[in-house]
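Novice: Got a structure for you, questions after.
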Amino acid sequence: MNHKISNLWANLSESLFSQIDDKFIDNFRQPGGVNSRLAAWDPFDPTMRYYKLILFNAAMRWTDDAYLLYRKLGNTNVGNPVTVRSKGLDINLDYLFTINEYMFLKSNMNIQSINSIIEIGAGFGRTCHALLKLLPNLTSYTIIDLPELLNLSAGVLARVVPDHMQKVSFINATVETDWQNISADLVINIDSFQEMLPETIKQYFDNVINRSSNFYINNPIGKYLPESVGITNPNKIDIMDVFQLGYCRNVIDIFDEDQLNRARDNFVQSYIPGSEWQAIVQSPMEIVPYYHNVLYTRKS
Ligand SMILES: C[S@@+](CC[C@H](N)C(=O)[O-])C[C@H]1O[C@@H](n2cnc3c(N)ncnc32)[C@H](O)[C@@H]1O
């Protein structure tokens, strides 16, 4: 009988697998090689496949509680993000992180007793959005950020929490006199101290965090080489800058568990606001384990 093969495999076998020799076998599973047609996908896949899989898997691992919280946020899709659909919700990665961060705080402090929050570096305002929706006792939320980004967070928040805007203050980080000696029940810094100069971070500790009661941080715990994640042509100026930023500037392999554990200890010590403070809880960020959540509070 004449065995029929698909056009797909007729082409693949001819174009990719017709010259099998030792040299071929030495390297055929390297990124960019032919193995993407056989077993694992190519690590350099230029599609959304991996991103959506990570997001989808993370969403499907969520407890019912997390879904309930996500539902309470209302519109999480301003800006048109990529979403996956689970339990009737369109879930995006930014707000999936937000719910995970909220649940970290909720399980480790009496979060409903928090009246005032200061967030340093709020991006488009996802954390402010969520906390205004989830904490009915919150009376004031202050964002300190660069003026360009304040325009963005103000625009997004006006759409997603229009009824809460009177609680939100926007402070221009570049006008330092506007944030001298301010305080709150909780200060938040997510994914931004590691992008600031050490002297800037110190100013925030001296003028804001050390005057407040609790400090929550979720940031990368070290630096990694661009090549280790397949960035082959990094912009040299950006990279030089990145290695000068944050308090944790050691280069680590972010896919080596032992190195991550050591870097986590260093991170927790580096960001402790002072001797009268203690880290009451810490845990790696679930999906991105080279980020670390720590909640510091004043020793009683
Ligand atoms: C990577 S984004 C993270 C945004 C947000 N926390 C999030 O996780 O979605 C870093 C943020 O830090 C802000 N930022 C950078 N330098 C700053 C500074 N010197 N003072 C305050 N915010 C700053 C940026 O404008 C941006 O909003």
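Novice: Among the DSSP beta bridges whose two residues both lie in the chain, what percent are antiparallel, rounded to the nearest 5?
Specialist: The answer is about 45 percent antiparallel.
Novice: Something else about it: At what distance in angstrom do the alpha carbon centres of the range 183-207 and the range 226-277 lie from each other?
Specialist: 16 Å
Novice: In 5 Å bins starting at 0, how do the alpha-carbon pair distances of the range 1-46 split up by percent?
Specialist: 5, 19, 24, 23, 16, 7, 4, 1, 0
Novice: Which chymotrypsin sites (Phe, Trp or Tyr not before Pro) in the range 1-106 sit in a loop by DSSP (not H, G, I, E or B) and have at most 12 other Cβ atoms within 10 Å of their own Cβ?
Specialist: PHE44
Novice: With r as the distance between the Cβ atoms of SER300 and ASN137 and R0 = 25 Å, compute the FRET efficiency 1/(1 + (r/R0)^6) and round to 0.05.
Specialist: It comes out at approximately 0.70.
Novice: Which whole-Hz ³J(HN,Hα) couplings does the range 286-297 yield from phi under the Karplus relation 6.51 cos²θ - 1.76 cosθ + 1.60, θ = phi - 60°, glycine and proline marked x?
Specialist: For the range 286-297, the Karplus-derived couplings read 4, 7, 10, x, 8, 9, 9, 8, 9, 10, 10, 9 Hz, x marking Gly and Pro.
Novice: Further question on the same structure: Between VAL82 and ASN115, what's the calculated FRET efficiency when r is the beta-carbon distance and R0 is 30 Å? Round to 0.05.
Specialist: Step by step, r from the Cβ atoms, then E = 0.30.
Novice: Averaging the inverse of every distinct alpha carbon separation and then flipping it gives the Kirkwood radius. What is it for the chain, in angstrom units?
Specialist: Computed over the chain, the radius equals 21.8 Å.
Novice: Could you give the length gained by full extension between LYS72 and LYS202, i.e. 0.36 nm per residue of separation minus their alpha carbon distance, to one decimal place?
Specialist: 43.2 nm
Novice: With labels modelled as points extended 7 Å from the Cα through the Cβ direction, what inter-label distance (nm, one decimal) is found for ASN7 paired with ARG262?
Specialist: Here the modelled spin labels are 5.6 nm apart.
Novice: Also: Within the set of other residues whose C-beta is less than 9 Å from the C-beta of THR127, count the net charge using Lys and Arg as +1 and Asp and Glu as -1.
Specialist: Its environment carries a net charge of -1.
Novice: Using a cut-off of 29 Å between alpha-carbon atoms, which lysines can reach LYS133, once sequence neighbours fewer than 8 places away in the same chain are excluded?
Specialist: Straight-distance partners of LYS133: LYS52, LYS72, LYS87, LYS106, LYS167.
Novice: Mind jotting down the three principal axis lengths of the range 177-290 based on Cα atoms? Whole angstrom, largest first.
Specialist: Principal axes ranked by extent give 44, 31, 22 Å for the Cα atoms.
Novice: List, in order, the whole-Hz ³J(HN,Hα) value for each residue of the range 162-178 obtained from phi through the Karplus relation with A = 6.51, B = -1.76, C = 1.60 and θ = phi - 60°; use x for Gly and Pro.
Specialist: Ordered by residue, 3J(HN,Hα) equals x, 7, 10, 4, 5, 8, 9, 10, 10, 10, 6, 4, 7, 9, 4, 5, 7 Hz.
Novice: Using every alpha carbon pair in the range 121-225, what percent of pairs falls into each 5 Å bin from 0 up to the bin containing the largest distance?
Specialist: Reading upward from the zero bin: 2, 11, 23, 25, 20, 12, 4, 1, 0.
Novice: Moving on. Given Cα pairs under 8 Å that are at least 6 residues apart, what percent is the relative contact order of the range 64-298?
Specialist: After rounding, I find 15 percent.
Novice: Mind checking the log10 I(q)/I(0) for the range 68-150 at q = 0.17, 0.20 Å⁻¹? Debye, one equal scatterer per Cα, no solvent, two decimals.
Specialist: -0.74, -0.99
Novice: Taking the Cα of TYR51, stepping 7 Å toward and past its beta carbon, and measuring to each backbone N in the range 251-291: which are under 20 Å?
Specialist: Residues passing the 20 Å test: 286-291.
Only the coordinates and a few stated rules stand behind these numbers; no lab work does. Worth saying up front: this structure is predicted, and the values here are computed from it rather than measured. Cβ: placed from backbone, ideal geometry, glycine included. Neighbour counts: every protein chain shown.
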